[in-house]
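Some notes on the structure that comes next.
The values are calculated or read from the model by the stated rules, or taken from the named source; none is laboratory data. On a predicted model such as this, the values are computed, not experimentally measured, just so you know. Positions of Cβ are backbone-derived with ideal geometry, glycine not excepted, and every protein chain shown enters the neighbour counts.
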């Protein structure tokens with residue numbers, strides 16, 4: 001507001017409110033304190049005040065006084081400095097201490113504080129969200145900090161691990177061919193929310209739903225983070241790459257009843273959180289100590305306003321909702337058949353062109369893959385991950401499910417009449433093994449996390465190819481390379497929206513850690529030297545991405561990608577013998593022939609997860625058109641994948657597929 005700033009905060013049960021203004025984040029005392037008058041400065045459940053003579057950059061916070069009656073769910077503490085739930089920027093003092101928010105006493109000098117921001121001052125230079133259809137989308141899940149923090153990135157030291165550092169690496173993303181980056185949480189989070197001596201690296205510990213994480217700014221916190229984030233978005237858009245945010249609207253960094261007061265607990269604890277029947281405790285459907293009360297009207301509005309902010313003011317293109325099934329729970333924690341907040345998001349006109357992706361499960365056993373509410377939501381397909389892993393490992397009784405996963409999981413999504421891209425297909429993501437480690441370790445190795453490897457998933461469906469961890473055995477390394485390519489091929493050929501994990505294209509390793517949330521070090525960072533070491537895997541990935549997106553329809557519409565054509569193709573299933581699919585429990589082989597009518601091609605894909613070579617019969621062509629080898633993951637680069645016009649002819653009526661490999665032949669359709 002011109003001439004000053006208007007402050008407002010919701011706090012239903014508070015009896016008094018202070019607005020604190022600071023000169024510096026480290027100040028032990030506010031420079032000015034405004035005691036808000038409950039008659040003049042309160043309207044219903046909102047406290048508000050206009051302060052003239054200040055503007056963008058002003059550091060501020062609140063103190064709320066009210067009943068501290070934990071059995072009623074009320075946790076007011078007038079000694080605690082509280083953030084603005086709607087603050088667009090924040091700063092943390094050099095001496096920030098998380099625990100100070102949980103212990104008795106004044107935490108002013110060590111607390112995070114909000115910063116007044118005028119978001120309209122930024123020059124977008126005509127930038128707009130790209131609105132790319134899911135059918136043209138290849139997602140790259142990545143960590144802003146870890147992408148460039150390693151010295152091998154070659155990024156200027158002052159920009160490593162920042163939004164600005166990511167900008168320097170956009171040519172790499174463009175060369176890889178991905179069309180969207182899905183950024184692990186960039187809402188400002190509490191890096192100290194981890195075991196002593198460790199750091200919350202992933203960022204699933206939000207303290208704000210508006211402020212971009214200040215730790216990713218090369219120019220410092222506060223307003224600088226806002227502008228640097230927008231610089232990054234604008235630069236990615238110029239390269240034709242969308243920005244999807246991994247958003248955490250299911251819990252906050254305030255934790256359980258032993259955790260600190262940053263904001264929500266100290267303003268309206270009983271409104272913002274789902275409380276247990278013992279209201280001194282928190283319902284914990286997230287595995288993190290608390291659960292946001294997403295379908296409470298105030299919280300619903302907060303979530304919607306947050307999404308509007310990131311779309312309208314920060315120009316992001318979409319959102320992946322962490323543990324999205326929690327948003328379907330009502331105020332008592334029970335699954336709601338028509339969750340208001342999910343329908344708010346689904347039907348919101350401001351979000352109409354925005355990608356919305358659900359992680360359709362939570363940490364308390366609610367699993368909604370294939371049944372997530374709404375008309376627009378896409379879903380992380382956990383079944384795709386599990387079934388592909390099991391097949392490639394050579395598990396029994398895994399062949400029957402593979403055609404469904406490759407063809408868009410119609411057994412899961414067919415009933416809803418959804419488009420083929422409903423399924424977001426992935427084999428690996430941040431949570432779990434990297435693709436390299438999936439084929440290098442039988443067991444998780446999370447000792448560095450300080451929990452004696454009790455943390456992290458036990459059901460990894462991994463296989464070490466004969467040796468646990470790194471090895472000099474060339475045959476084991478060859479097999480691992482082959483298995484990585486198998487997984488990449490299935491992900492990128494399948495109907496749906498593919499998602500790749502940062503570094504899988506160069507076999508990034510986490511040394512067997514499948515829960516590296518607290519490893520802000522070389523365990524998690526992108527090692528750029530791998531680009532040379534595993535250049536063949538990078539090339540294989542890049543060419544698959546290019547073929548997926550570039551095989552346009554030869555009709556005038558020119559709209560169909562390879563996966564779209566596969567979704568509309570006539571597909572015939574075989575075993576090693578034509579027209580004799582073997583779906584028995586001991587089978588490890590599958591062949592699919594797909595007639596891509598709009599492109600004039602026929603694909604014949606052969607999958608061998610068996611430990612011996614298998615000879616597959618090939619369909620004959622009545623016009624004598626030969627098969628040509630496009631992909632064979634058992635061959636060394638550059639023969640593992642070739643450009644279609646360079647594919648060598650196969651003259652025999654059979655093709656020998658090596659153990660644990662995939663081969664794909666193509667020919668023109670008569």
> Does the stretch 65-80 contain at least one residue that is part of a loop (DSSP other than H, G, I, E, B) and at pLDDT below 95?
Replying inline: no
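Considering only the stretch 521-537, how many residues are part of a loop (DSSP other than H, G, I, E, B) and either closer than 16 Å to residue 434 by Cα or outside the structural domain of residue 204 (by TED's automatic domain parsing) (or both)? Outline the logic, then answer.
Of the stretch 521-537, the ones part of a loop (DSSP other than H, G, I, E, B) are 521-529, 534.
Cutting the leftovers down to either closer than 16 Å to residue 434 by Cα or outside the structural domain of residue 204 (by TED's automatic domain parsing) (or both) gives us 521-528, 534.
Total satisfying the criteria: 9.
Return the residues of the stretch 64-74 that are touching a helix residue (DSSP H, G or I) at 6+ places or on another chain (Cβ under 8 Å) and under 22 Å from residue 109 (Cβ atoms); say none if nothing qualifies.
Initially, the stretch 64-74 is screened for residues touching a helix residue (DSSP H, G or I) at 6+ places or on another chain (Cβ under 8 Å), giving 64, 72-74.
Residue satisfying the conditions is 64 alone.
Return the total of residues in the stretch 576-626 being more than 39 Å from the chain's Cα centre (by Cα) and either part of a strand (DSSP E or B) or in the same structural domain as residue 491 (by TED's automatic domain parsing) (or both).
Of all residues in the stretch 576-626, those more than 39 Å from the chain's Cα centre (by Cα) come to 577-580, 615, 617-626.
Going one step further and asking which of them are either part of a strand (DSSP E or B) or in the same structural domain as residue 491 (by TED's automatic domain parsing) (or both), we end up with 615, 617.
Total meeting the criteria: 2.
For residue 635, are the conditions met, namely being assigned to a strand (DSSP E or B) and closer than 29 Å to residue 586 by Cα?
Details: assigned to a strand (DSSP E or B): no; closer than 29 Å to residue 586 by Cα: yes.
Here the answer is no, as residue 635 does not meet what is asked.
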> Can you tell me which residues in the stretch 356-372 are buried (at least 17 other Cβ atoms within 10 Å of the Cβ), under 18 Å from the mean Cα position of the chain (by Cα) and part of a loop (DSSP other than H, G, I, E, B)?
Replying inline: 359, 360, 362, 368, 369, 372
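State yes or no: is residue 397 surrounded by fewer than 18 Cβ atoms within 10 Å (Cβ to Cβ), at positive phi and part of a loop (DSSP other than H, G, I, E, B)? Lay out the reasoning, then the answer.
Working: surrounded by fewer than 18 Cβ atoms within 10 Å (Cβ to Cβ): yes; at positive phi: yes; part of a loop (DSSP other than H, G, I, E, B): yes.
So residue 397 fits the description; yes.
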> Which members of the stretch 333-347 meet the condition of being surrounded by 16 or more Cβ atoms within 10 Å (Cβ to Cβ) and part of a loop (DSSP other than H, G, I, E, B)?
Replying inline: 333, 336, 339
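Scanning for something in a helix (DSSP H, G or I), in the same structural domain as residue 352 (by TED's automatic domain parsing), surrounded by fewer than 23 Cβ atoms within 10 Å (Cβ to Cβ) and free of Cβ contacts under 8 Å to residues at least 12 places away in the same chain, does the stretch 453-466 turn up at least one residue?
no
Are any residues in the stretch 434-452 assigned to a loop (DSSP other than H, G, I, E, B), closer than 24 Å to residue 506 by Cα and out of contact with any strand residue (DSSP E or B) (no Cβ under 7 Å at 6 or more places or on another chain), and if so, which ones?
As a first pass, look at the stretch 434-452 and keep what is assigned to a loop (DSSP other than H, G, I, E, B): 434, 439-446, 450-452.
If we keep only those that are closer than 24 Å to residue 506 by Cα too, we end up with 434, 439-446.
Within the stretch 434-452, 439, 440, 441, 442, 443, 444, 445, 446 meet the criteria.
Listed residues 556, 564; which is modelled with pLDDT under 95, farther than 23 Å from residue 410 by Cβ and not assigned by TED's automatic domain parsing to the domain that holds residue 402? Outline the logic, then answer.
Details: 564 fails: farther than 23 Å from residue 410 by Cβ.
When all the criteria are applied, what remains is 556.
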> What's the number of the condition residue 370 fails, among (1) at pLDDT 95 or above; (2) in contact with a strand residue (DSSP E or B) (Cβ under 9 Å, 6 or more places away or on another chain)?
Replying inline: (1)
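Quick grid of which residues meet (1) part of a helix (DSSP H, G or I); (2) within 24 Å of residue 183 (Cβ to Cβ); (3) in the same structural domain as residue 326 (by TED's automatic domain parsing):
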site	(1), (2), (3)
200	no, yes, yes
208	no, yes, yes
218	no, yes, yes
227	yes, yes, yes
233	yes, yes, yes
244	no, yes, yes
285	no, no, no
305	yes, yes, yes
311	yes, yes, yes
> Looking at the stretch 251-268, is at least one residue modelled with pLDDT under 95 and either buried (at least 23 other Cβ atoms within 10 Å of the Cβ) or farther than 29 Å from residue 424 by Cβ (or both)?
Replying inline: no
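I'd like to verify a number: residues in the stretch 643-655 that are in a loop (DSSP other than H, G, I, E, B) and either closer than 18 Å to residue 487 by Cα or touching a helix residue (DSSP H, G or I) at 6+ places or on another chain (Cβ under 8 Å) (or both), how many?
First pass over the stretch 643-655, keeping only residues in a loop (DSSP other than H, G, I, E, B): 643, 647-648, 651-653.
Subset that is either closer than 18 Å to residue 487 by Cα or touching a helix residue (DSSP H, G or I) at 6+ places or on another chain (Cβ under 8 Å) (or both): 643.
Adding up the residues that qualify gives 1.
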>> Quick check on the stretch 412-422. Is at least one of its residues assigned to a loop (DSSP other than H, G, I, E, B) and at pLDDT 95 or above?
In response: no
>> Regarding the stretch 308-315, can at least one residue be identified that is at pLDDT 95 or above, in contact with a strand residue (DSSP E or B) (Cβ under 9 Å, 6 or more places away or on another chain), surrounded by 24 or more Cβ atoms within 10 Å (Cβ to Cβ) and farther than 14 Å from residue 250 by Cα?
In response: yes
>> Suppose we keep only residues that are part of a loop (DSSP other than H, G, I, E, B) and in contact with a strand residue (DSSP E or B) (Cβ under 7 Å, 6 or more places away or on another chain) within the stretch 2-22. Which one would you say is surrounded by the most Cβ atoms within 10 Å (Cβ to Cβ)?
In response: 14
>> modelled with pLDDT under 95 and either surrounded by 16 or more Cβ atoms within 10 Å (Cβ to Cβ) or in the same structural domain as residue 12 (by TED's automatic domain parsing) (or both): which single residue out of 99, 94 fits that description?
In response: 94
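Per-residue answers, yes or no, for (1) within 21 Å of residue 432 (Cβ to Cβ); (2) touching a helix residue (DSSP H, G or I) at 6+ places or on another chain (Cβ under 9 Å); (3) buried (at least 22 other Cβ atoms within 10 Å of the Cβ):
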| site | (1), (2), (3) |
| --- | --- |
| 143 | yes, no, yes |
| 159 | no, yes, no |
| 162 | no, yes, yes |
| 166 | no, yes, yes |
| 173 | no, yes, no |
| 182 | yes, no, yes |
| 188 | no, yes, yes |
| 196 | no, no, no |
| 212 | no, yes, yes |
> Looking at (1) in a loop (DSSP other than H, G, I, E, B); (2) within 17 Å of residue 173 (Cβ to Cβ); (3) touching a strand residue (DSSP E or B) at 6+ places or on another chain (Cβ under 8 Å), which is the only condition residue 495 fails?
Replying inline: (2)
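In the stretch 31-64, how many are in a loop (DSSP other than H, G, I, E, B) and farther than 22 Å from residue 293 by Cα?
Residues meeting the conditions: 12.
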